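The values are calculated or read from the model by the stated rules, or taken from the named source; none is laboratory data. The shown structure was predicted, so the numbers you read here are calculated from the model rather than taken from an experiment. Here the Cβ positions follow ideal geometry from the backbone for every residue, glycine too, while neighbour counts run over all protein chains shown. Ligands, DNA and RNA are stripped out before the accessible areas are found, and what is left, the full protein with its side chains, is counted by its heavy atoms. Shrake-Rupley method; radii C 1.70, N 1.55, O 1.52, S 1.80 Å.
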Amino acid sequence: MEKALKEVTPKSEDFSKWYTDVVRKADLMDYAPVKGFIVIRPYAYRIWEFIQSDLDARFRATGHQNAYFPLLIPQSLLTREAEHVQGFSPEVAWVTRGGGEELAEPLAVRPTSETIVGEMYARWIQSYRDLPVLINQWSNVVRWEKATRPFLRTTEFLWQEGHTVHRTEAEARAETEQQLEAYRGLLEETLAIPVVAGVKSAGERFAGAVETYTLEAMMGDGRALQTATSHFLGQNFSRAFNIQFLDEDGELKYGWTTSWGASTRLLGGLIMVHGDDRGLRLPPRVAPIQVVVVPIAKGSDREAVLAYCRALQLRLGAHVRVHLDERDEFTPGYKFNDWEMRGVPLRLEVGPRDIARGQVVFARRDNGEKTPVIADDLPEAVDATLNEIQKALYAQAQARMQALSFAIQDYHEAVARDRRGFFWGNWCGRQACADRLQEETSMTIRCLPLLTEHDLQPQRSGNDCAVCHGPAEHRAVFARAY
RNA sequence: CGGGGCGUGGCGCAGCUUGGUAGCGCACUUGCUUUGGGAGCAAGGGGUCGGGGGUUCGAAUCCCUCCGCCCCGACCA
């Protein structure tokens, strides 16, 4: 552990510094020449690919298809939905020159694609028989942010954005909720990140949406991260873009639309939820390398140990993503630290003593435990251990969220706890109270939680607003957010 | 965009107060010896001192200006 301190600022000392140390030391990203932009390096991009394939499978299972819409959006299109423009205009990047000439109409680099998608959907939809339209796209978007942080908020980021049109309000609302559950599946099952699902308050809602659903996750320092959102757009966009269809009853009607997205911000969340002072800790399901084999091969034993390890690699390769570290220029100790920094869930140590005893040593990244395992039991033992690690990481994250979730009567109780955590309180529903909370504490209303039986439900008594103590309409989660 | 901090080989830093042409650790290259928690010895390579301008015989060092990164706030996935 002392050695790890050389490389990475301890989480407890300075969480932000720890985060930037880890993303750099684990070769996840590098800063690009233009402010606010980063390069996503291969190791991090691989994790993103696992997230993509997980979501893609979930989307396909519910009838969605992928497509691709253009990067540039004419100004006239972007400005068609009033609330939407207002919300996004401060952060839109514009292209004003092309082919060496000033353009007749400025083109926006998409900050999101509702407008251009809406324009196209209006052309494609004539009849109720054309509905629903269930399309997703994987793309990059640009939002000119004032303060950026690697993965969490960059000027350009990668994401998926789903855009659907439905015949009825009920169907569109169901779609919105269904997609939120798809994200919950990704977060909890695959990324091992527990979340609080909820509805955004009016002030935090997506520009142009009727209702925004969100999944809020708790980071290692108790702050919240919005990991995915799903929007019920009502008929706001269909009216603005004239998405109409002739219904069975012969009447021309506006469609009901939704949109939903998750971005490379998830990589930041993954790091901040699971990482520790030794570096990254990756859940096996998204680990580019699930098992690393480190040979301990000295002198005359070298070739024999390496041959044994290569056979081991072949044997395990059919089950898991395994890497054999054959580098001769580093000692085993160096390799241990190196792979721990990169978050590889399980390390197998193999030396002459192990071979003689017919065993290999398992070293788990989640808890640091080392255990000898009989070589004959290997593929099964590896599978079982990876499953345990996946569960253990979730359990640890959930335990922290539980430990840092508090029921409060008054928002000063959150201040007394240094605003660290999720504070469950009542809210009168007035924006004035949300504003006052933010001004005084920099906490925001993360969501109005939707509770299911397996969610956290900190108990509280009374039913007055935690800010003004007037009659409360909602239960809300207050927290500082990234 | 406001407040604060920092920019010196790839990384982390010293040198700046009191100007004299750049140094340390790690990393890198080569060789030999090594290898169960960041190996040792030896010989090497690598720097427009963030950019521009100014003061000066002379600037990493003093002055002006711009840029970038980090932190804390305001705005957002």
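Values for this structure:
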| item | result |
| --- | --- |
| Chain A: angle of helix A:431-441 to the longest principal axis, Cα-based, in degrees nearest 10 | 40 degrees |
| Length-normalised contact order of the range A:284-392 in % [C-alpha pairs under 8 Å, at least 6 apart] | 31 percent |
| Carbon + sulfur, % of accessible area of chain A - ligands and nucleic acids excluded, 1.4 Å | 50 percent |
| Charged-residue dipole, Cβ positions (Lys, Arg, Asp, Glu), the range A:284-392 about Cα centre, Debye nearest 20 | 140 debye |
| Whole-angstrom Cα spans of the range A:2-274 along principal axes, big to small | 75, 49, 32 |
| Approximate shape of the range A:138-284 as ellipsoid semi-axes (Cα gyration tensor, √5λ), whole Å, largest first | 33, 16, 12 |
| Residue-normalised accessible area of chain A, given per residue in Å² at a 1.4 Å probe | 43 Å² |
| Gain in span if fully extended, residue A:303 to residue A:13, counting 0.36 nm per residue against the direct Cα distance | 100.0 nm |
| Stretchable slack from residue A:315 to residue A:52, in nm (0.36 nm times residue separation minus alpha-carbon distance) | 91.9 nm |
| Long-range HN-HN contacts of residue A:263 with modeled amide H, under 5 Å | none |
| Hz values of 3J(HN,Hα) by residue in the range A:344-349 - Karplus curve (6.51, -1.76, 1.60), Gly and Pro given as x | 4, x, 9, 10, 10, 9 |
| Cα long-axis angle, helix A:42-61 against chain A (0 to 90 degrees, to the nearest 10) | 50 degrees |
| The range A:405-479, Rg to Rh (Cα coordinates; Rh as Kirkwood inverse mean 1/r) | 0.93 |
| Proximal aspartates and glutamates relative to residue A:35, as straight alpha-carbon distance under 16 Å, when same-chain residues fewer than 8 apart are discounted | A:91, A:145, A:156 |
| In order through the range A:290-299: 3J(HN,Hα) via Karplus (6.51 cos²θ - 1.76 cosθ + 1.60), integer Hz, x for Gly, Pro | 8, 9, 10, 9, 10, x, 10, 10, 9, x |
| Euclidean distance between Cα centres, the range A:289-328 to the range A:260-287, Å | 27 Å |
| Interchain or long-range residues, amide H under 5 Å from residue A:103's placed H | A:97, A:98 |
| Mean separation of Cα contacts under 8 Å, 6 or more apart, over the residue count of chain A: relative contact order % | 14 percent |
| Projected-area average for the range A:284-392 over all orientations - Cα convex hull basis, square nanometres | 6.2 nm² |
| Cross-link pairs A:17/A:200; A:370/A:391; A:298/A:370 - those with Cα-Cα distance over 23 Å | A:17/A:200 |
| Formal net charge of residues neighbouring residue A:89 (Cβ-Cβ distance under 15 Å; K, R +1; D, E -1) | -1 |
| Under 14 Å, Cβ to Cβ, from residue A:428 - net charge with Lys/Arg +1 and Asp/Glu -1 | -1 |
| From phi via Karplus (6.51, -1.76, 1.60), per-residue ³J(HN,Hα) for the range A:106-122 in Hz, x at Gly/Pro | x, 10, 7, 6, 3, x, 4, 10, 3, 6, 6, 5, x, 4, 6, 4, 4 |
| Amide H within-cut-off set for residue A:66, under 5 Å, with H built and near neighbours excluded | A:136 |
| Cleavage-rule hits (GluC sites (Glu not before Pro)) in the range A:1-92: DSSP loop, at most 11 neighbouring Cβ within 10 angstrom | A:13 |
| Gain in span if fully extended, residue A:409 to residue A:35, counting 0.36 nm per residue against the direct Cα distance | 130.4 nm |
| Degrees between helix A:15-25 axis and first principal axis of chain A (Cα, 0 to 90, nearest 10) | 60 degrees |
| Quarter of Cα convex hull surface for chain A, i.e. mean projection, nm² | 27.5 nm² |
| Cα shape, the range A:237-349, gyration tensor, a/c 1.5 rule | prolate |
| Charge-dipole axis of chain A as Lys and Arg at +1 and Asp and Glu at -1 on Cβ define it, positive-most pick from A:375, A:474, A:29 | A:375 |
| Proximal charge balance of residue A:418 [Cβ under 13 Å; K/R count +1, D/E count -1] | +3 |
